[in-house]
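Trainee: Got a structure for you, written out below as structure tokens; questions coming shortly.
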Amino acid sequence: MNDQSASIADRVTASAQALRHGPNTERTVFFSDAVFAIAMTLLVLDLRVELPSNPSVEEINEAIVEQMPAFAGFLLSFILVGVNWINHHRRFSGIARYDGRLQQLNLLFLFFIAFMPVPTSLLFVNAGSPWPVALYAFVVAAISLSLNLLWWYARRAELMDEKVSEALYRYSLHATVPVWGVFLLSIPFAFISTDIALYSWLLIIPVSIIFNRVQWRRFVSRETARFAAEDAAAAQAAG
């Protein structure tokens, strides 16, 4: 193939890809927000208090107590989905452009978000069965991992804003490690004891505090070194 044919082939490829790339991510973010809103709304549908006509105080109390496991599942899932909405919003604050692959990865992430009401509804229904607990832990871990995959790809494909430094990219990438790490590790424990698996999720709180403090110190150290090097280079150029 001569140079002219190669040039034409490149232009044809560029023309075919024109609709798969864009300078901003507004529509992707708006669509994602809609999926989040629907998923968080669906979480509450299992919270139904069934009462007879003219219920007594004891019947009301009984009905509320019966719904406590469902309320606990709703609260946990609402917090997790909400945290992921915040993380998704922050990540897309640093992603300036999109391509077809980024949109596909975003859909993968949203698939797990939209699916979240299903394992939530099963979590406390069949006490003793490991599968609802294992499924819930898998979905939560998959949400965090798919968001990290999206973030990694955006960096690799050069879709990020220039304001996102290497240190900031790594700090954000590692921020979800406590969540997906704890939930993934809890899956085998679900087949030993569902109670152990459920209580192990509480480890996210101390692990997140310790892990994020370490990551923050690394981030500050790297950014301090970067800014110092930039200032030194600017001073040398001016002198």
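Trainee: Mind sorting Thr120, Thr224 by how few other Cβ atoms lie within 10 Å of their own Cβ, fewest first?
Mentor: Placing the least packed residue first, the sequence is Thr224, Thr120.
Trainee: Give me, ordered by chain and number, the residues 5 or more places off Met160 or on other chains with an amide H under 5 Å from its own placed amide H.
Mentor: Ala96
Trainee: If you don't mind, there's one more thing I want to ask. Rank these for me by crowding, Ser193, Ser56, Ser121, going from fewest to most other beta carbons within 10 Å.
Mentor: Ser56, Ser193, Ser121
Trainee: Per residue of the range 108-123, in order, report the coupling 6.51 cos²θ - 1.76 cosθ + 1.60 (Karplus, θ = phi - 60°) as ³J(HN,Hα) in whole Hz, putting x for Gly and Pro.
Mentor: Working through the residues one at a time gives 4, 4, 5, 4, 5, 5, 5, 7, 3, x, 5, x, 5, 5, 8, 4 Hz.
Trainee: What are the equivalent ellipsoid semi-axes of the chain, built from the alpha-carbon gyration tensor (square roots of five times its eigenvalues), in whole angstrom, biggest first?
Mentor: Working from the Cα gyration tensor, I get semi-axes of 43, 25, 17 Å.
Trainee: Could you list Phe92, Phe227 in order of exposure, starting from the residue whose Cβ has the fewest other Cβ atoms within 10 Å?
Mentor: Ordered from fewest to most neighbouring Cβ atoms within 10 Å, Phe92, Phe227 come out as Phe227, Phe92.
Bear in mind these aren't lab numbers, they're just calculated from the coordinates by the rules spelled out. Predicted model only: the values in this text are computed from it and were never measured. Methodologically, a virtual Cβ is constructed for each residue, glycine included, from the backbone with ideal geometry; neighbour enumeration extends over all protein chains shown.
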